[in-house]
Amino acid sequence: MDRNKFSAIAHRDHAFANPIGEAKLMKMIGMANLKPNDNVIDIGAGKCELLIRLVESYQVKGTAIELYDGAIEEAKRRAAMRIPEDRIDYIAADAGEAVKGLGLRTFDLGVCIGSTHALGGLEETLRILKNLVKKNGYILVGEGYWKQSPSSEYLEALGGADESECKSHANTVRVGEELGLIPLWSYVASDEEWDDYEWLYSSSIENYCLEHPEDPDVEAMLERIRSWRRTYLQWGRDTLGFGLYLYRNL
């Protein structure tokens, strides 16, 4: 089973592939004071809904980095119906390689929400964005954090994860401070937002499998999503948080 295919189906009905509500996300974007023709980069852009909205609202120029070709194709289809053709540059490539070809201090806003793993983790992602974003520009990242220390059973259910892979909320903010960034705002997902995200995530797979019984991946997808749902309800809802973190670059 292709993990990208699974993720695309699971997120097919999400506006954004993270549990933070749209109102919170767009309020934080508003703090970046975007102007027409400002340059915005989104690493792990997915279907590019955020970049499309920023073009619609602020007439920015966007750069989307996304590894999964299927997401890029869906992004182009959506963009073609809503914004001028030349407002987003699409880079379908590994993020670590793609950023090497970009100019330093080029962007007014750098975004990486839920995809810091693509650049080697939170600290490395912030370091890279610090180099890509102009002085006094803005960096917005979305990252998981521990609400409490995870149990060994939960870490095992996550595929042998390590507690060091996430930090507390306070320490997540501090990572940016230690790199010389100024933290300006943060929101974390509420229990209701987590439930909205996770139940839509799992029901999208359940519904797809009902609609497409001929798909050879149905059995594997159902096994995976049902295990994930049990894991979320038993441990994840009380243990794993997700936050958006807005910094100003120096």
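The values are calculated or read from the model by the stated rules, or taken from the named source; none is laboratory data. Remember, it's a predicted structure, so these values are computed and weren't measured experimentally. Note that we place each Cβ from the backbone using ideal geometry, even for glycine, and neighbour counts take in every protein chain shown.
Residues that are in contact with a Lys or Arg (Cβ under 8 Å, 6 or more places away or on another chain), farther than 19 Å from ARG3 by Cα, acidic (Asp, Glu) and not in a strand (DSSP E or B) are absent from segment 67-87 altogether.
Determine whether LYS134 is over 17 Å from VAL40 (Cβ atoms), in contact (Cβ under 8 Å) with a residue 60 or more places away in the chain, out of contact with any Cys (no Cβ under 7 Å at 6 or more places or on another chain) and not small (Gly, Ala, Ser). No. Close contacts from segment 101-125, counting a first residue that is within 10 Å of GLU143 (Cβ to Cβ) and at pLDDT 95 or above and a second that is basic (Lys, Arg) and not in a loop (DSSP other than H, G, I, E, B), with Cβ to Cβ under 7 Å and a gap of 6+ residues or different chains, come to none at all. Per the listing ILE128, ILE83, ILE139, ILE88, the residue uniquely over 23 Å from TYR58 (Cβ atoms) and either assigned by TED's automatic domain parsing to the domain that holds GLN234 or touching a helix residue (DSSP H, G or I) at 6+ places or on another chain (Cβ under 6 Å) (or both) is ILE128. The residue that is nearest to the chain's Cα centre (by Cα), counting only those in segment 108-136 that are in a helix (DSSP H, G or I) and within 17 Å of PHE242 (Cβ to Cβ), is THR116. In a residue-by-residue description of segment 51-65, the property of being out of contact with any Pro (no Cβ under 6 Å at 6 or more places or on another chain), farther than 30 Å from ARG237 by Cβ, exposed (fewer than 14 other Cβ atoms within 10 Å of the Cβ) and free of Cβ contacts under 8 Å to residues at least 60 places away in the same chain applies to at least one position.
Yes or no: segment 152-166 includes at least one residue that is part of a loop (DSSP other than H, G, I, E, B) and acidic (Asp, Glu).
yes
From the list ILE225, ILE205, the lone residue that is outside any strand (DSSP E or B), surrounded by 20 or more Cβ atoms within 10 Å (Cβ to Cβ), in contact with a Lys or Arg (Cβ under 9 Å, 6 or more places away or on another chain) and in contact (Cβ under 8 Å) with a residue 40 or more places away in the chain is ILE205. You will find that of GLY176, GLY159, the residue that is farther than 15 Å from ALA10 by Cα and crowded, with 18+ Cβ neighbours inside 10 Å is GLY176 and no other. Taking segment 1-36 as the range and being more than 17 Å from the chain's Cα centre (by Cα) and of a type outside the set (S, T, N, Q) as the test, the residues that pass are MET1, ASP2, GLY30, MET31, ALA32, LEU34, LYS35, PRO36.
Within segment 150-189, the set of residues being of a type in the set (S, T, N, Q) and without any contact (Cβ under 8 Å) to a residue 60 or more places away in the chain comprises SER152, SER164, SER168, ASN171. Of the numbered criteria (1) assigned to a helix (DSSP H, G or I); (2) of a type in the set (S, T, N, Q); (3) exposed (fewer than 15 other Cβ atoms within 10 Å of the Cβ), the one GLN148 fails is (1). Return a yes/no flag: does segment 40-48 have any residue that is buried (at least 20 other Cβ atoms within 10 Å of the Cβ), touching a residue at least 12 places away in the same chain (Cβ under 8 Å) and touching a Pro at 6+ places or on another chain (Cβ under 8 Å). No, that holds for no residue. Looking at ALA170, is it touching an Asp or Glu at 6+ places or on another chain (Cβ under 8 Å) and part of a helix (DSSP H, G or I)? When the stated conditions are applied, ALA170 does not pass them.
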